[in-house]
1. Would a scan of the stretch 103-119 turn up a residue that is closer than 20 Å to HIS84 by Cα, in a loop (DSSP other than H, G, I, E, B) and among the basic types (Lys, Arg)?
2. In the stretch 25-53, how many residues are in a loop (DSSP other than H, G, I, E, B) and farther than 18 Å from ARG158 by Cα?
3. Looking only at the stretch 120-165, how many residues end up being in a loop (DSSP other than H, G, I, E, B) and either closer than 18 Å to ARG89 by Cα or charged (D, E, K, R) (or both)?
4. Could you list all residues from the stretch 103-146 that are at positive phi and of a type in the set (S, T, N, Q)?
5. Quick one: in the stretch 91-101, of everything that is within 18 Å of the chain's Cα centre (by Cα) and part of a loop (DSSP other than H, G, I, E, B), which residue is surrounded by the most Cβ atoms within 10 Å (Cβ to Cβ)?
6. Considering only residues of the stretch 30-51 that are under 17 Å from ALA160 (Cα atoms) and among the hydrophobic types (A, V, I, L, M, F, W, C), which is surrounded by the fewest Cβ atoms within 10 Å (Cβ to Cβ)?
7. Report yes if GLU8 is in contact with a Gly (Cβ under 9 Å, 6 or more places away or on another chain) and modelled with pLDDT under 80, otherwise no.
8. Could you tell me which of the residues ALA117, ALA160 is without any contact (Cβ under 8 Å) to a residue 24 or more places away in the chain, exposed (fewer than 13 other Cβ atoms within 10 Å of the Cβ) and outside the structural domain of ILE86 (by TED's automatic domain parsing)?
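The values are calculated or read from the model by the stated rules, or taken from the named source; none is laboratory data. Keep in mind the model is a prediction, meaning the values are calculated, not measured. Positions of Cβ are generated from backbone atoms using ideal geometry, with glycine treated the same way; all protein chains shown enter the neighbour counts.
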Amino acid sequence: MGSTTKLETRPKSVLVLDGTGSVMGEMTFCKAVRAIVSGRAFLMDPRNWTRIEHLPTSIYGITVIIFPHAKARGKIKLLGQGKHLILRRDDFRCQYCGNHASTVDHVRPRCQGGTSAFHNVVAACFRCNNTKSGRTPEQAGMKLLRPVPSPKEILEQRLALACNL
């Protein structure tokens, strides 16, 4: 039998930087390819911060693009919505005990004035979510394993990983 080659899979999202290298957010792979082909953005090699003039033979290696005429604004948008975005951010790990998480928990409960903002919601296992109930972690005698990262911190970590390929 002949040798089999591993099929490349495209990334679900691409990191987007402005002309100064500041993180703007992320976008879908298809939108990134369209922006490059239309000339609005260019591909960057994150390992040495050089511009790649032509699309590579395998476009599935695209991880970072730059919009040279754009300027990063205050709010950074992450792809995904609601529960799945939080679970993905926290690597499907309960932020109270470290076990597999399948639910999300409001750090400051909504019944105490908490919101569903990105920084107030964490992944939690069913047991910890029920134990904490409508209390803050302090009131329930629980502690978060790590502070909740901001969207900008998450994307900057992804950029650092891409630079160390």
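1. The first filter runs over the stretch 103-119 and keeps only residues closer than 20 Å to HIS84 by Cα, leaving 103-110, 114-119.
From the residues that got through so far, the ones that are in a loop (DSSP other than H, G, I, E, B) too are 107-109, 114-117.
With the extra rule that they be among the basic types (Lys, Arg), the set shrinks to 108.
The answer is yes, given that some residue of the stretch 103-119 is closer than 20 Å to HIS84 by Cα, in a loop (DSSP other than H, G, I, E, B) and among the basic types (Lys, Arg).
2. Keep residues of the stretch 25-53 that are in a loop (DSSP other than H, G, I, E, B), which gives 39-41, 46-49, 53.
If we keep only those that are farther than 18 Å from ARG158 by Cα as well, we get 39-41, 53.
Counting residues in the stretch 25-53 that are in a loop (DSSP other than H, G, I, E, B) and farther than 18 Å from ARG158 by Cα gives 4.
3. First pass over the stretch 120-165, keeping only residues in a loop (DSSP other than H, G, I, E, B): 125, 133-136, 141-150, 164-165.
Still in the list and also either closer than 18 Å to ARG89 by Cα or charged (D, E, K, R) (or both): 125, 135, 143-150.
Result for the stretch 120-165: 10.
4. Our first condition is that a residue be at positive phi; within the stretch 103-146, this holds for 113, 133, 141.
Answer for the stretch 103-146, where residues must be at positive phi and of a type in the set (S, T, N, Q): just SER133.
5. Kept after step one, since they are within 18 Å of the chain's Cα centre (by Cα), are these residues of the stretch 91-101: 91-95, 101.
Then keep just the ones that are part of a loop (DSSP other than H, G, I, E, B); that gives 91-92, 94-95, 101.
Working: ASP91: 10, PHE92: 15, CYS94: 22, GLN95: 27, ALA101: 24.
Selected residue: GLN95.
6. Here the residue is TRP49.
7. On the way: in contact with a Gly (Cβ under 9 Å, 6 or more places away or on another chain): yes; modelled with pLDDT under 80: yes.
Yes, satisfied.
8. On the way: ALA117 fails: outside the structural domain of ILE86 (by TED's automatic domain parsing).
Every option except ALA160 fails the conditions.
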